[in-house]
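The structure appears below as structure tokens.
The numbers here are math on the coordinates, done by the rules we state, and not lab data. Remember, predicted model here, so these are calculated numbers, not experimental data. Reconstructed Cβ throughout: ideal geometry from the backbone, glycine too, with neighbour counts over all protein chains shown.
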Amino acid sequence: MSTETLPPPVEKPQEAGRPAEKIQDAFEKGWNVIVWNDPVNLMTYVVHVFMRVLGFNKEKATRHMLEVHHKGKSLVATETRERAEFYHQQIQAFGLNVTIEQSS
Amino acid sequence: MHAVKRKGRLTLTVQAGERRLLRRVLEAIIRNYKTPPEALPSPVSQVWYSTAGCRSARMSDEQTGEWIASLRAIRQSRLRLLQRFARQLKSTGKGNSELRMNTDSAAAFMTALNDHRLFLAARHNLGEAEINWFYLDSAESLTPARRKALFEIGALAFAIGVLLGALDPVAASWDE
């Protein structure tokens, strides 16, 4: 039988601040969902997507659609990262140009 | 072409010429939905599977790959419906044809038609100027392939308008 003993386990040093940052990232509504203009999608279709995905009423959906059309983009939601990613996927699956970014 | 919604179900009625166009479009969509993103023409892939949002969200390469796969899965989930409609439109008669669907299927169908508009615009490099030419003589200056694509983009806009009018009349009648 060997008399050698195993060396004590080496603890991996924790990266300072990471867990706290991740928790803050997950719960803070700091992620903007931005829809960008394109020449192909119909205005009525964009209104429909905003109502269906984001739950907007007609007036709010129309206002954001017109902002996209006239100004080139519209901030349609500021959410948690998880929720923003969900909107990102859903809106893009409908064929609209959409990005998400952390608000400054 | 007209659509009627009754008791949660939508019936789309198409004439013979519209049926031929829709069947050809559906066959193209099915083929393109089955094609891996990297095998699509680059401008199309950049629209259908845009990763601009992944970059702005600072996603890793692995997360971006998963993102593209999830978008492809959403498109492929429409395949069975589109294949059924394509079969139903194979009739060669001169009379009208009907496609019957529930509202979820109608929304998926409409989105697939919209995808084909995006496909054609990207594939044939048709932007705002050309799309606005649809009703103008300027379209005559385009090559036959681009003119055909422009015609299909316009025809599918009409089809989407018809579907949306029945499916979501509130959205379909926005005013400034």
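Of note:
- Mean partner shielding of peptide A:88-100, defined as the number of other chain Cβ atoms within 10 Å of each residue Cβ, is 6.
- Axis angle, to the nearest 10 degrees, between helix B:144-167 and the longest C-alpha principal axis of chain B: 70 degrees.
- Computed [θ] at 222 nm, deg cm²/dmol, the protein assembly as shown (DSSP H ≥ 4; -39,500 (n - 2.57); rounded to nearest 500): -18000 deg cm²/dmol
- Kirkwood Rh, angstrom, region A:42-102 [1 / mean 1/r, Cα pairs]: 11.6
- Using alpha-carbon coordinates, inclination of helix B:61-76 to the longest axis of chain B, degrees: 10
- Entry for region B:48-176 at q = 0.13, 0.16, 0.18 Å⁻¹: log10 I(q)/I(0) = -0.77, -1.07, -1.19, Debye formula applied to identical alpha-carbon scatterers, no solvent contribution.
- Set A:K60/B:K5; A:K58/B:K7; B:K34/B:K90; A:K60/B:K34; A:K29/A:K60 screened for pairs whose C-alpha atoms are more than 28 Å apart: A:K60/B:K34
- Counting all C-alpha pairs of the protein assembly as shown, share separated by more than 27 Å (%): 46
- In order through region B:27-38: 3J(HN,Hα) via Karplus (6.51 cos²θ - 1.76 cosθ + 1.60), integer Hz, x for Gly, Pro: 4, 5, 5, 4, 4, 6, 5, 7, 6, x, x, 6
- By average C-beta atoms within 10 angstrom, highest first, the peptides B:60-69, A:54-63: A:54-63, B:60-69
- Percentage, to the nearest whole number, of Cα pairs in region B:1-117 over 22 Å apart: 42
- Relative contact order [Cα under 8 Å, 6+ residues apart], chain B, whole percent: 32
- Stretching the chain fully between B:Q76 and B:N125 yields a gain of 15.1 nm (0.36 nm per residue, less the alpha carbon separation).
- Extension gain, B:T64 to B:F158: 0.36 nm times the residue separation minus the Cα-Cα distance gives 30.4 nm.
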